[in-house]
Amino acid sequence: MWSYVVRRVLYNVPIFLVIVLILMALLRINDPVAARLGKVASTEAIAAERERMGLNRPFINQYAEFLWDFARMDFSERSWDQAQTVGQVVFPSVVPSLSITVPALALSACVSIVIGLIAAANRGKFIDRALMLGAVLGMCVSYLVYIILGQKFGAFWLSERLGTRVFAVQGYEDWTTWSQPLNAVRTWAHYCLLPVLISVVVTMGYDTRFYRAVIVEQATSDYVRTARAKGCGERRVMFKHLLRNAMIPIITRIMITLPFVVVGSLLLEIFFGIPGMGRTLYNSIINRDFPVTQAIVALLAAIFIASNILTDVLYAVVDPRVRLS
Amino acid sequence: MSDRPGQNAQPTDLLTARAGQRPSGFFEQPGVRKFVRNRPAVGALTVIAVFLLLALLISMPGVNLVPLERATERVGPDVVPGFFVRASDEKRAAFAAFWVRELDKALRASDPERALAALAFAERRIVPLGPDVLRDRLAEAQAMLDGLDEAMGDAEDARFDLEDLAEELAGEDEPSDALREHERELREELAGMERVVRERLVALEDAIESLYPTPRGREGFAYRVRLLAGTDGQGRSLLLRAVYSIKVAVQIGVVTALLSVFVGTLLGAAAGYIGGPVDHAVVWLYSTISSIPYIVWLVVVAFVVREINWTVPILDKQLNQTLFPVYAAFVMNFWVGPCRVIRGEALKIRGLDYVQAATAVGCGRWRVLLRHVLPNTTYLVFINFSLLFVGAIKGEVILSFLGLGVQGQPSWGIMIRDSQPEVVVGFFWQLGIATAFMFVLVLAFNIVSDALQDAFDPKHVAGEA
C-alpha cells in the first residue's frame, strides 16, 4: 500500500507544479505594482515598490522560491497588503472556515443520505416523486437567493418574532474557549449555525439526487435480490447489505467535495462577514495581495491531492475487494 | 414512463432494424422517440425556445424589443410593489412625496421651462401648464403633503399611547372603569385620525394625478406594463430589467456552453480515441484545473481578465465593459466536464466492433474520429451543453455578487444582488421577479438534460451526473 501512496504522490507532483505555475502567471498578467500605486506614481516609486515586492526578479526565480518556501512550509513571506506575514494572514482564517464547513458537510451528508434512502426505498411512489421534484425545484434557485432569504428570515424576521437575537445578522466571534463548553457552543450557534443551515439546504438538492441514484443502482443489483430471497428483513437489506455497498460512491462524493467546501462557503463567508479562508482568498485577489492568494491556492491544491489519495486508501479499508496496486 | 408492455403495438426498433428497415430519419431514432414521448421535456424545450426567441428579439438591432435605455430609465418612485398591489399608507405617502419633489426640482432649475419639458417618467409626463400655474399647484400639493405628514404623525403618537395603555391594562388584575373608558376613547380618537390620514392621502393622490395624468390608450398600456412587476430601488421597471436580462443570460449561456463543449469534446475525443501521450496530456491538463475549487478559478480569471487594459476592436469598448471576463472565467472551468465524460465514452467506443471494422476497411484516423466516434457522443454533447448553460447562468449570479460579473447592463445576478437591502426591509419584488425568470429557464434546462439522459443512456438513474 505504501508503494501505491508514494507512486500516487509522485504522479501528482507535476499537477501541483502546473497549478502553481498557471496561478502565478495569471496573477502577473497585469502589473500588480502599477495597479497598487495608481496612475500618478513616479517611475522611481514603481521601481522601489517592485523591488520591495520582489517582482523585479525573473519569473522563474519567483516561482522556484515560492515552491521552495512551500515545500518547507515556510509562510514568512510578507503580505503586500498588510503588515503581516502570509502565515499570520492565512492561519487565523482556518478555524472560522472549518467551523462552518465541517458541520455543514457532516449535516448535509447525513440529511441527504437519509432522504436518499427514503426516496429509494419508496422508488416510484408518491414520496419519492415529491422528494425528487423538490430537489429539482430547489436546484433551480440561485445560491445567493437562499443566502438573502436565509438572512432575512433567520436573522431579522426570527429576532423580531422572538424578541431576542437567535442568529447574528453577520459577524464572527472566536468561540473556541474550551473552559466553558456550553458557552462555546452557544457562541458558535449564534454566528455559524445560520450559514451552516443555509449551506445544508443548498447542497441538499444535488446530494439527495446523487445518493438516491447510488442507492437505487445498488438496490437493483443481484446481491440484494439474493438477500431478499434468503429471507432478510427489509431493514437488514437496507442497512447491512445495501448501505455498506453504497459506501464507496458516498465516500468518494464526500471526499471530493471536502476541499471544495472549504472555499465553497466563500459566498457565505463574504455575506455573513465570517473571516474564513474563502473571504481571505477573495480579499487577497481583490486587493492584489498575491503572496496570500498563492499560499491559499497552493494549500488547497495540496489538500485536494492528499484527500484524493486518502479516498483511494479508504476504499481499500471499506471494501476488502479493492486492492491498491 | 409509458412503455408498459402491450401498449405499443409497433415493433421495437430492434425488430424493424432486423427486418431491414434501419431507423433512418432523425425522429425515428429510438432515443429521439423516447425523448419526444416525454411530455415535460418537450414542454421544457418549448420554454427554452421561447427564451431564446426573446433573447434574439431583444438583441436584434431592427427589432430591439427592450432597448437598454428602457431597462435603465426611471419610470416612477422607488420600490413600488408589483401587480398594482396597494402599498402601505406610509409608502403611498412616500410615492406622493417623490412626485412633488421632482416637480419642485424642475421648477427650481435655472431654466424651468426646459426642465418641465423634460419632466417625464417614461410615458407619464407633467401636465403641459406654465411654470407659474405649476408653482401654485406645487405649493398646494406641498401643503397637502405637510398636512398628511402631520396627520400621520398624530396617528402614530396615538398608536403609541394606546400601546402603553394596553400594557398598563394587562398589568392590572382588575382594571378600573376609568381606565377602560380612557382606552375606548383613545381607540375612537385613533380611528378618527386614521380616517383623516386616509382622506388626506386620497386627496393628495388626486392632486398628483392631476399634475401627472396617468397616460391613456396605448401609452397607458405601455406604462402599466412597465409597472407590472414594480420598480427597484432607483425607480426602474423591474419587468423590463428582468426581460432584458434574458438576453444577457442567454448570451452568457450560449457562448460559454458552446465554447466549453467544443473545446471539451475535441480534447476529450482526441484523448480517448488517440490515447497515448495525447491522452496523458489532456488528463493531466484537466486534473490541474479540477484540483482547485471552481470558484477560485472563477474569481481569479474574471478578476485578471477584467484588469487587462485592452480595447476590444469591433465593439470599441474596454475589456472590462464587455462580457469577455465572464466568458473566460466560465470556459476555463467548464470545458473539463464534457472533456472527462466524452473521453470516457470515446475510450469505450474505440473498442467497439464498428470502429474496428471501419479501421479494417481502411478509414483514416481522423475519418474514424469524425464519422464514427464523435457522432456517437452527440447525446453527451447535448446533455453537457444544457448542464453548462445552467452552470453559466448560476455562476453569473455569484460573479455579479462579487462585483466581477456583468457591467453596464442589468442581469438576473445584478438584480438579485441589488435586492438584498430591499429584502431586509421587506420588499421582495426585485428578488422575486429575477428569481422567477431564472427559475423557469434553469428548470427547463434541468428537465431537458434529465430527459436526454433518460432517453439515451439506458443505465442512467436520474440524478447521477
Checklist entry - Within the stretch A:87-110, can one find any residue that is touching a residue at least 12 places away in the same chain (Cβ under 8 Å), more than 21 Å from A:A301 (Cα to Cα) and within 14 Å of chain B (Cβ to nearest Cβ)? => result no
Checklist entry - Where residues in the stretch A:216-240 are among the β-branched types (V, I, T) and within 9 Å of chain B (Cβ to nearest Cβ), which of them is least open to solvent (accessible area, probe 1.4 Å)? => result A:V216
Checklist entry - What number of residues in the stretch B:294-322 are open to solvent by 60 Å² or more (accessible area, probe 1.4 Å) and in a helix (DSSP H, G or I)? => result 3
Checklist entry - How about the stretch A:136-177: which of its residues are of a type in the set (K, R) and closer than 28 Å to B:A444 by Cβ? => result A:K152
Checklist entry - Taking the stated definitions as given, is A:L258 surrounded by 19 or more Cβ atoms within 10 Å (Cβ to Cβ) and more than 13 Å from every other protein chain (Cβ to nearest Cβ)? => result no
Checklist entry - Looking at the stretch B:399-429, which of its residues are out of contact with any Phe, Trp or Tyr (no Cβ under 7 Å at 6 or more places or on another chain), open to solvent by less than 40 Å² (accessible area, probe 1.4 Å) and aromatic (F, W, Y)? => result B:F427
Item to check | Filtered residues of the stretch A:1-37 (kept if without any contact (Cβ under 8 Å) to a residue 60 or more places away in the chain and away from every other protein chain (no Cβ under 14 Å)) | outcome: A:W2, A:S3, A:V6, A:R7, A:L37
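So which residues in the stretch B:251-293 are among the polar types (S, T, N, Q), open to solvent by 10 Å² or more (accessible area, probe 1.4 Å) and more than 27 Å from the chain's Cα centre (by Cα), if there are any at all? Quick ask: steps written out before the conclusion?
Residues of the stretch B:251-293 that are among the polar types (S, T, N, Q), as a first pass: B:251, B:256, B:260, B:265, B:287-288, B:290-291.
After this cut, where a residue has to be open to solvent by 10 Å² or more (accessible area, probe 1.4 Å) as well, the list is B:251, B:265, B:287, B:290.
Within the stretch B:251-293, B:T265, B:S287, B:S290 meet the criteria.
Any residue that is touching a Lys or Arg at 6+ places or on another chain (Cβ under 6 Å) and either more than 26 Å from A:S307 (Cα to Cα) or more than 14 Å from chain A (Cβ to nearest Cβ) (or both) - is there at least one of those in the stretch B:305-320? Working first, answer last.
Keep residues of the stretch B:305-320 that are touching a Lys or Arg at 6+ places or on another chain (Cβ under 6 Å), which gives B:320.
Next, from what is left, pick out any that are either more than 26 Å from A:S307 (Cα to Cα) or more than 14 Å from chain A (Cβ to nearest Cβ) (or both): B:320.
Checking the stretch B:305-320: at least one residue is touching a Lys or Arg at 6+ places or on another chain (Cβ under 6 Å) and either more than 26 Å from A:S307 (Cα to Cα) or more than 14 Å from chain A (Cβ to nearest Cβ) (or both).
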Checklist entry - Does B:R92 count as more than 21 Å from the chain's Cα centre (by Cα), at pLDDT 90 or above and surrounded by 17 or more Cβ atoms within 10 Å (Cβ to Cβ)? => result yes
Item to check | Boolean, B:L431 is aliphatic (A, V, I, L, M), facing chain A (nearest Cβ under 9 Å) and either within 14 Å of the chain's Cα centre (by Cα) or more than 27 Å from A:F153 (Cα to Cα) (or both) | outcome: yes
Checklist outcome for this item: If you go through B:F330, B:F389, B:F382, the only one that is more than 14 Å from chain A (Cβ to nearest Cβ), on the phi < 0 side of the Ramachandran plot, open to solvent by less than 10 Å² (accessible area, probe 1.4 Å) and not in a loop (DSSP other than H, G, I, E, B) is B:F330
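Give me a count of the residues in the stretch B:166-190 that are surrounded by 12 or more Cβ atoms within 10 Å (Cβ to Cβ) and closer than 30 Å to B:R86 by Cβ.
First pass over the stretch B:166-190, keeping only residues surrounded by 12 or more Cβ atoms within 10 Å (Cβ to Cβ): B:166, B:168-169, B:175, B:179-180, B:182-183, B:186-187, B:189-190.
Keeping just the survivors that are closer than 30 Å to B:R86 by Cβ gives B:166, B:183, B:186-187, B:189-190.
Residues flagged as surrounded by 12 or more Cβ atoms within 10 Å (Cβ to Cβ) and closer than 30 Å to B:R86 by Cβ within the stretch B:166-190 amount to 6.
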Checklist entry - Which one of these does A:D128 not meet: (1) facing another protein chain (nearest Cβ under 10 Å); (2) open to solvent by less than 10 Å² (accessible area, probe 1.4 Å)? => result (1)
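Could you grab me the full set of residues in the stretch A:1-45 that are hydroxyl-bearing (S, T, Y) and within 25 Å of A:Q62 (Cβ to Cβ)?
Looking only at the stretch A:1-45, we keep the residues that are hydroxyl-bearing (S, T, Y), and these are A:3-4, A:11, A:42-43.
Of everything in the stretch A:1-45, those that are hydroxyl-bearing (S, T, Y) and within 25 Å of A:Q62 (Cβ to Cβ) turn out to be A:S42, A:T43.
Select, from A:A155, A:A189, the only residue that is modelled with pLDDT of 90 or more and open to solvent by less than 10 Å² (accessible area, probe 1.4 Å). Spell out how you get there, then give the answer.
Numbers: A:A189 fails: open to solvent by less than 10 Å² (accessible area, probe 1.4 Å).
Criteria check complete, one pass: A:A155.
Looking at A:G171, A:G154, can you tell me which residue is of a type outside the set (S, T, N, Q), in contact with a Gly (Cβ under 9 Å, 6 or more places away or on another chain) and in contact (Cβ under 8 Å) with a residue 40 or more places away in the chain? Steps first, answer last, please.
Values: A:G154 fails: in contact with a Gly (Cβ under 9 Å, 6 or more places away or on another chain).
On inspection, the qualifying residue turns out to be A:G171.
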Checklist entry - at pLDDT below 90, touching a Ser or Thr at 6+ places or on another chain (Cβ under 9 Å) and surrounded by fewer than 18 Cβ atoms within 10 Å (Cβ to Cβ) - does that describe any residue in the stretch A:102-116? => result no
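Tell me yes or no: at least one residue of the stretch B:15-26 is among the charged types (D, E, K, R), assigned to a loop (DSSP other than H, G, I, E, B), touching a helix residue (DSSP H, G or I) at 6+ places or on another chain (Cβ under 9 Å) and modelled with pLDDT under 80.
Kept after step one, since they are among the charged types (D, E, K, R), are these residues of the stretch B:15-26: B:18, B:22.
Filter once more, keeping what is assigned to a loop (DSSP other than H, G, I, E, B): B:22.
Going one step further and asking which of them are touching a helix residue (DSSP H, G or I) at 6+ places or on another chain (Cβ under 9 Å), we end up with B:22.
Pick out the ones that are also modelled with pLDDT under 80 and you get B:22.
Yes, some residue in the stretch B:15-26 is among the charged types (D, E, K, R), assigned to a loop (DSSP other than H, G, I, E, B), touching a helix residue (DSSP H, G or I) at 6+ places or on another chain (Cβ under 9 Å) and modelled with pLDDT under 80.
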Checklist entry - Considering the stretch B:436-445 alone, what residues qualify as being at the interface with another protein chain (Cβ under 8 Å from one of its Cβ atoms) and either in contact with a strand residue (DSSP E or B) (Cβ under 6 Å, 6 or more places away or on another chain) or open to solvent by less than 20 Å² (accessible area, probe 1.4 Å) (or both)? => result B:M438, B:V442
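Taking only the stretch B:125-181 into account, find how many residues are in contact (Cβ under 8 Å) with a residue 24 or more places away in the chain and touching a helix residue (DSSP H, G or I) at 6+ places or on another chain (Cβ under 7 Å). Even if it seems obvious, please write down each step before you answer.
Just the residues of the stretch B:125-181 that are in contact (Cβ under 8 Å) with a residue 24 or more places away in the chain, to begin with: B:125-127, B:131, B:134-135, B:137-138, B:140-142, B:144-145, B:147-149, B:151-152, B:154-155, B:158-159, B:161-162.
After this cut, where a residue has to be touching a helix residue (DSSP H, G or I) at 6+ places or on another chain (Cβ under 7 Å) as well, the list is B:126-127, B:131, B:134-135, B:137-138, B:140-142, B:144-145, B:147-148, B:151-152, B:154-155, B:158-159, B:161-162.
Number of matching residues: 22.
In the stretch B:347-363, which residues are over 19 Å from B:T265 (Cβ atoms) and open to solvent by 90 Å² or more (accessible area, probe 1.4 Å)? Write out each step before concluding.
Taking the stretch B:347-363 first, the residues over 19 Å from B:T265 (Cβ atoms) are B:351, B:353-354, B:356-363.
Of everything in the stretch B:347-363, those that are over 19 Å from B:T265 (Cβ atoms) and open to solvent by 90 Å² or more (accessible area, probe 1.4 Å) turn out to be B:D353, B:Q356, B:V361.
Answer yes or no as to whether B:G432 is over 12 Å from B:D232 (Cα atoms) and surrounded by fewer than 23 Cβ atoms within 10 Å (Cβ to Cβ). Spell out how you get there, then give the answer.
Numbers: over 12 Å from B:D232 (Cα atoms): no; surrounded by fewer than 23 Cβ atoms within 10 Å (Cβ to Cβ): yes.
No.
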Checklist entry - What's the number of the condition A:F271 fails, among (1) open to solvent by less than 10 Å² (accessible area, probe 1.4 Å); (2) modelled with pLDDT of 90 or more; (3) part of a helix (DSSP H, G or I)? => result (1)
Next on the checklist: For the list (1) of a type outside the set (F, W, Y); (2) in a helix (DSSP H, G or I); (3) more than 25 Å from A:V196 (Cα to Cα), I need the number of the one condition that A:R321 fails.
Outcome noted: (2)
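The values are calculated or read from the model by the stated rules, or taken from the named source; none is laboratory data. Keep in mind it's a predicted model, so treat the numbers as computed, not measured. FYI the Cβ positions are ideal-geometry reconstructions off the backbone, even for glycines, and counts take in every protein chain you see. Heads up: the accessible areas ignore ligands, DNA and RNA and are worked out on the full protein's heavy atoms, side chains in. Shrake-Rupley method; radii C 1.70, N 1.55, O 1.52, S 1.80 Å.
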